[in-house]
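Student: Please find one structure pasted underneath; my questions will follow.
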Amino acid sequence: MTAYKDLSREELLELKSGLEARFEEVKAKGLKLDMSRGKPSAEQLNLSMGMMDVLHSGVDLICEDGVDCRNYGGLDGIAEAKQLLADMMEVPKDNVVIFGNSSLNVMYDTVARSMTHGVLGSTPWCKLDKVKFLCPVPGYDRHFAITEHFGIEMINVPMTPTGPDMDMVEKLVSEDASVKGIWCVPKYSNPQGITYSDETVYRFANLKPAAEDFRIYWDNAYCVHHLYEDKQDYLIEILSECKKAGNPDMVYKFSSTSKISFPGSGIAALAASEANLNEIRGMMKVQTIGHDKVNQLRHVRFFKDVHGIVEHMKKHADIMRPKFEAVIDVLEKELGGLEIGSWIKPLGGYFISFDAMDGCAKAIVAKAKEAGLVMTGAGATFPYGKDPHDSNIRIAPSYPTPEELAVATDIFVLSVKLVSIDKLLG
Ligand code: PLP
């Protein structure tokens with residue numbers, strides 16, 4: 001394979017006309033394909049249909065400790081759901097509060113509480129002139145949407161293969177008291193599939209923030225979402241590391257069963273120190289009488305324990321793995337050696353992150369759309385939707401069928417080639 005940059009103008013033009021002809025052929029098919037959002041496929045959702053059978057009028061809805069799930073009560077979750085999520089999140093049960101159907105909602109509420117009431121006695125953020133959050137990039141668009149919504153200034157921190165650039169994180173956190181938080185997806189990150197190294201986690205736990213109310217927003221959404229049984233990333237548990245480092249209150253750890261059972265109808269949890277949880281419970285009791293205990297019980301009766309979750313996730317992996325491999329194979333076969341893009345082959349999570357030549361991402365996404373393929377908007381993986389290099393594109397392979405995926409990846413690759421040639425031709 002010759003890199004495109006080493007081809008002559010004539011060679012590029014010739015290549016372009018062949019690719020354009022192929023593109024027109026695909027376009028004429030009038031396809032409608034979607035690789036934009038990280039949603040499980042129907043086949044994956046079917047794996048959890050047994051959950052609909054575990055609760056019916058013939059079974060009792062009484063919890064282990066006698067709580068009747070049909071009635072009010074149980075502000076912070078039923079005991080067995082706490083145990084299940086605590087085991088999944090690798091933290092003690094007493095450090096877990098169960099919430100409703102979405103962890104994003106919990107993250108939003110956590111920022112909102114800090115804005116209006118402060119954090120463990122600190123000045124409410126809304127009373128400060130400036131509040132800043134660090135945002136490892138590329139990252140999750142909905143995290144950035146929350147902080148943007150509250151007028152919090154977002155600072156890009158580049159991701160490296162071992163996690164965020166920790167030199168930069170340490171400097172900003174220790175020197176600037178207006179830095180109040182950092183968004184982290186520490187395992188199989190969205191969108192790169194990177195897992196933070198041991199050293200990165202230690203450095204997080206040992207941060208010395210200028211702000212006493214600085215918090216790490218540790219969104220472990222993909223904690224059990226491996227693609228392989230024999231090749232898995234391992235992430236050190238942050239809550240206990242923070243405790244060991246003398247920073248027990250510095251982290252909020254979020255997770256949910258969204259991409260384990262039913263997204264939007266799963267259960268979400270927050271793990272944190274006792275002091276943090278007590279403060280949060282105090283505000284929760286004003287907000288709600290309690291979350292959906294029937295759904296919590298349904299999850300526990302279906303999965304039984306964390307081993308049930310692990311076994312269940314192997315079935316998800318069997319569906320997801322061929323899709324990821326299909327995309328990676330096409331990328332390697334079609335783009336390998338051309339030096340017009342790079343990508344990371346993840347061992348888990350929901351996404352493949354693609355970096356095009358600078359200045360090409362928006363045009364590639366637009367080109368793919370012409371042929372009926374919807375991708376995540378270019379720029380979405382950066383705060384304010386602004387990718388300074390206009391380079392990153394998030395590929396979400398989970399939702400389409402394998403057949404659709406093959407066609408979709410072909411369209412993507414054709415779009416990358418055509419846009420890159422235009423860029424090189426100037
Ligand atoms: N966190 C990350 C990193 C995600 O990628 C997603 C969904 O894509 C979520 C949270 C959403 O989780 P939930 O459905 O629990 O709100």
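Student: Within region 266-280, is there a residue that is farther than 30 Å from Ala211 by Cβ, of a type in the set (S, T, N, Q) and more than 16 Å from the ligand (Cβ to nearest atom)? Walk me through how you get there before you give the answer.
Tutor: In the first step, residues of region 266-280 are kept if they are farther than 30 Å from Ala211 by Cβ; the result is 266-267.
Then drop every residue that is not of a type in the set (S, T, N, Q), which leaves none.
No; the residues of region 266-280 include none that is farther than 30 Å from Ala211 by Cβ, of a type in the set (S, T, N, Q) and more than 16 Å from the ligand (Cβ to nearest atom).
Student: Please determine whether any residue of region 65-77 is within 16 Å of the ligand (Cβ to nearest atom), modelled with pLDDT of 95 or more and assigned to a loop (DSSP other than H, G, I, E, B). Working first, answer last.
Tutor: Taking region 65-77 first, the residues within 16 Å of the ligand (Cβ to nearest atom) are 77.
Next cut, modelled with pLDDT of 95 or more only: 77.
Filter again for assigned to a loop (DSSP other than H, G, I, E, B), leaving 77.
Checked against the condition, which is being within 16 Å of the ligand (Cβ to nearest atom), modelled with pLDDT of 95 or more and assigned to a loop (DSSP other than H, G, I, E, B), region 65-77 yields at least one hit.
Student: Still on this structure: Identify, from the list Val251, Val294, the residue that is in contact (Cβ under 8 Å) with a residue 24 or more places away in the chain, buried (at least 23 other Cβ atoms within 10 Å of the Cβ) and touching a Leu at 6+ places or on another chain (Cβ under 7 Å).
Tutor: Numbers: Val294 fails: buried (at least 23 other Cβ atoms within 10 Å of the Cβ).
The unique qualifying residue is Val251.
Student: Within region 29-64, restricting attention to residues that are more than 30 Å from Tyr140 (Cα to Cα) and part of a helix (DSSP H, G or I), which residue is nearest to the chain's Cα centre (by Cα)?
Tutor: Initially, region 29-64 is screened for residues more than 30 Å from Tyr140 (Cα to Cα), giving 29-30, 50, 52-64.
If we keep only those that are part of a helix (DSSP H, G or I) too, we end up with 52-54.
Values: Met52: 27, Asp53: 30, Val54: 29 Å.
The selected residue is Met52.
Student: Return the only residue of Lys82, Lys130 being modelled with pLDDT of 95 or more, farther than 30 Å from Ala396 by Cα, more than 16 Å from the ligand (Cβ to nearest atom) and touching a Lys or Arg at 6+ places or on another chain (Cβ under 8 Å). Steps first, please.
Tutor: Details: Lys130 fails: touching a Lys or Arg at 6+ places or on another chain (Cβ under 8 Å).
When all the criteria are applied, what remains is Lys82.
Student: Has region 166-184 got any residue that is basic (Lys, Arg), away from the ligand (no atom under 13 Å from the Cβ) and within 28 Å of Leu347 (Cα to Cα)? Don't jump to the end; show me each part of the working.
Tutor: Taking region 166-184 as the starting set, the residues that turn out to be basic (Lys, Arg) are 171, 180.
Filter once more, so that each one left must be away from the ligand (no atom under 13 Å from the Cβ): 171, 180.
From what's left, within 28 Å of Leu347 (Cα to Cα): none.
No - not one qualifying residue is present in region 166-184.
Student: Follow-up. Only one of (1) outside the structural domain of Gly264 (by TED's automatic domain parsing); (2) over 20 Å from Val407 (Cα atoms) is not met by Lys27, so which one is it?
Tutor: (2)
Student: Can you say whether Pro397 is in contact with a strand residue (DSSP E or B) (Cβ under 8 Å, 6 or more places away or on another chain) and within 16 Å of the ligand (Cβ to nearest atom), as far as the supplied structure shows?
Tutor: Criteria met by Pro397.
Student: Still on this structure: Return a yes/no flag: does region 50-69 have any residue that is among the polar types (S, T, N, Q) and either exposed (fewer than 11 other Cβ atoms within 10 Å of the Cβ) or not assigned by TED's automatic domain parsing to the domain that holds Phe324 (or both).
Tutor: Initially, region 50-69 is screened for residues among the polar types (S, T, N, Q), giving 57.
From what's left, either exposed (fewer than 11 other Cβ atoms within 10 Å of the Cβ) or not assigned by TED's automatic domain parsing to the domain that holds Phe324 (or both): 57.
Yes: one or more hits.
Student: State all residues of region 1-41 that are on the phi > 0 side of the Ramachandran plot and surrounded by 13 or more Cβ atoms within 10 Å (Cβ to Cβ); if no residue qualifies, say none.
Tutor: none
Student: Anything in region 141-191 that is in contact with a helix residue (DSSP H, G or I) (Cβ under 7 Å, 6 or more places away or on another chain), over 27 Å from Ala396 (Cα atoms) and touching a residue at least 40 places away in the same chain (Cβ under 8 Å)? List them, or say none.
Tutor: Val179, Lys180
Student: Something else: Hey, can you tell me all the residues within region 226-235 that are in a loop (DSSP other than H, G, I, E, B), touching a helix residue (DSSP H, G or I) at 6+ places or on another chain (Cβ under 9 Å) and touching a residue at least 60 places away in the same chain (Cβ under 8 Å)?
Tutor: The initial filter retains those residues of region 226-235 that are in a loop (DSSP other than H, G, I, E, B), namely 227-235.
Adding the requirement that they be touching a helix residue (DSSP H, G or I) at 6+ places or on another chain (Cβ under 9 Å) leaves 227-229, 234-235.
Leu227, Tyr228, Glu229, listed by residue number.
Student: Name the residue, out of Pro191, Pro209, that is in contact with a Ser or Thr (Cβ under 8 Å, 6 or more places away or on another chain), within 16 Å of the ligand (Cβ to nearest atom) and either closer than 16 Å to Thr110 by Cβ or at pLDDT 95 or above (or both). So that I can check it myself, show each step before the final result.
Tutor: Details: Pro209 fails: within 16 Å of the ligand (Cβ to nearest atom).
The unique qualifying residue is Pro191.
Student: Among residues belonging to region 212-242 that are more than 16 Å from the ligand (Cβ to nearest atom) and hydroxyl-bearing (Ser, Thr, Tyr), point out the one that is farthest from Pro124 (Cα to Cα).
Tutor: The qualifying residue farthest from Pro124 (Cα to Cα) is Tyr228.
Student: Does region 99-119 include one or more residues that are under 24 Å from Ala211 (Cβ atoms), part of a loop (DSSP other than H, G, I, E, B) and either assigned by TED's automatic domain parsing to the domain that holds Pro191 or in contact (Cβ under 8 Å) with a residue 12 or more places away in the chain (or both)?
Tutor: For region 99-119, residues under 24 Å from Ala211 (Cβ atoms), part of a loop (DSSP other than H, G, I, E, B) and either assigned by TED's automatic domain parsing to the domain that holds Pro191 or in contact (Cβ under 8 Å) with a residue 12 or more places away in the chain (or both): present.
Student: Output the number of the condition that Ala363 fails; it satisfies all remaining conditions of (1) closer than 25 Å to Tyr4 by Cβ; (2) surrounded by 22 or more Cβ atoms within 10 Å (Cβ to Cβ).
Tutor: Among (1) closer than 25 Å to Tyr4 by Cβ; (2) surrounded by 22 or more Cβ atoms within 10 Å (Cβ to Cβ), Ala363 violates only (2).
The values are calculated or read from the model by the stated rules, or taken from the named source; none is laboratory data. The structure displayed is predicted, hence computed values, not measured ones. Cβ sites come from the backbone with ideal geometry, for glycine too, and all protein chains shown count toward neighbours.
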